[in-house]
Amino acid sequence: MSDEFQYDIAAVATELRIRPEILKKLLESFSNTLSEKIIQLDMLVPVNDTDKIRAIMHEVKGTGGNLRLTKVYETADTMHVAVKAEEPQNKILNLFEEFKEASNLFIEHIKHS
Amino acid sequence: MWKILVVEDNIENQMLLVEILRDHANCDTASNGKEAIERYNESLKEKPYDLILLDVEMPEIGGLELLRRIRQSEEAADIPLGEGVSIIMVTAHKKPFLDAFYQGCNDYIIKPIDADKLIQKIEKKLGPANN
């Protein structure tokens, strides 16, 4: 996975028909939400609490996709599908690591922007 | 301007929808089913909503249940079938869900939201917004 976070606020704002300053606020808000969700998932994934994991991944996937955070969306979607299909625990753990990596790149980018 | 109720428990998605519609609609928001029913009932006393954008997956009262309750309430108020408020379901599920149509939803849009498509779908139901 690339270790660079790439995102064009102006292009996404145009695509979404929203003001760039509002998109920036939405990204900051989602960055905080995502940090909280990762803390929750860090507790839920090892004990395989599938209902709660599925609900969180569904929400994150929806918002990540809406904000055009491609890697966050894709890794959340893959993990969501795997949890729904009751894939083995070791696979879910690996997918969770990929999701965290994608999310942390975004979170760090927001922190430093 | 259209009068729209945005029902969405996720704050970022809620803000995004309101922002996309800012030049077209006066939006009220509700973060859960209970709030949505309150707003909907209040609106009936003044100016009813032209349309409700309804998230499917919400805690406690989910979108489908809320849809059912709104249609039941219209039936109780003798609003003829098909003349109630237009409801567009917003979902991250990839497949269309027939249950929502059986319960009386008018259309649906899949997340990630496509702003142009969303506005087109609303225009199809309500006609152009008079700004």
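What follows is calculated from the coordinates using simple rules that are stated; it is not laboratory data. Bear in mind that the values here come from a model prediction, so they are computed numbers and not experimental data. Counting neighbours? That spans all protein chains shown, and the Cβs are built from the backbone with ideal geometry, glycine included.
Just a few scattered comments:
- Here the contact order of chain B, divided by its residue count and restricted to Cα pairs under 8 Å and six or more residues apart, works out to 25 percent.
- Pairs spanning more than 23 Å between alpha-carbon atoms, out of A:K91/A:K111; B:K47/B:K125; A:K61/B:K34; A:K25/A:K91: A:K91/A:K111; A:K61/B:K34; A:K25/A:K91.
- Potential lengthening of the chain between A:T33 and A:N104 amounts to 24.3 nm, from the contour at 0.36 nm per residue minus the alpha-carbon distance.
- Averaging the Cα positions of each part gives two centres, and for the range A:1-71 and the range B:64-131 these lie 26 Å apart.
- Contour excess over end-to-end distance, with Cα ends at A:E86 and A:K52 and 0.36 nm allotted per residue: 10.9 nm
- Distance (nanometres) between label positions extended 7 Å along Cα→Cβ at B:D99 and B:K47: 3.5 nm
- Net dipole in debye of chain B [+1 Lys, Arg Cβ; -1 Asp, Glu Cβ; about Cα centre; nearest 20]: 300 debye
- Positive dipole terminus of the range A:1-95, leading residue within A:T14, A:F30, A:V72 (C-beta point charges): A:T14
- For the range B:36-131, GluC sites (Glu not before Pro) are listed when DSSP marks them as loop and at most 16 other Cβ atoms sit within 10 Å of their Cβ; the list is B:E46, B:E60, B:E83.
- FRET efficiency, A:D42 to B:D78 (Cβ-Cβ, R0 45 Å, nearest 0.05): 0.25
- Restricting the range A:1-53 to GluC sites (Glu not before Pro) in coil, as DSSP defines it, with at most 10 other Cβ within 10 Å: A:E4
- The alpha-carbon of A:K24 sits under 16 angstrom from the alpha-carbons of these aspartates and glutamates, leaving out residues fewer than 8 places away in its chain: A:D8, A:E15, A:E108, B:E12, B:E19.
- Of the residues B:M15, B:M58, A:M57, the one with the fewest other Cβ atoms within 10 Å heads the list, and the complete ranking is B:M15, B:M58, A:M57.
- Rounded, prolate or oblate (a/c below 1.5 giving rounded, otherwise prolate when a/b exceeds b/c) for the range B:44-131 by Cα gyration tensor: oblate
- Our summary gives the range A:28-111 a relative contact order of 34 percent, counting only alpha carbon pairs under 8 angstrom and 6 or more residues apart.
- Angle in degrees between helix A:20-44 and the longest Cα principal axis of chain A, rounded to the nearest 10: 10 degrees
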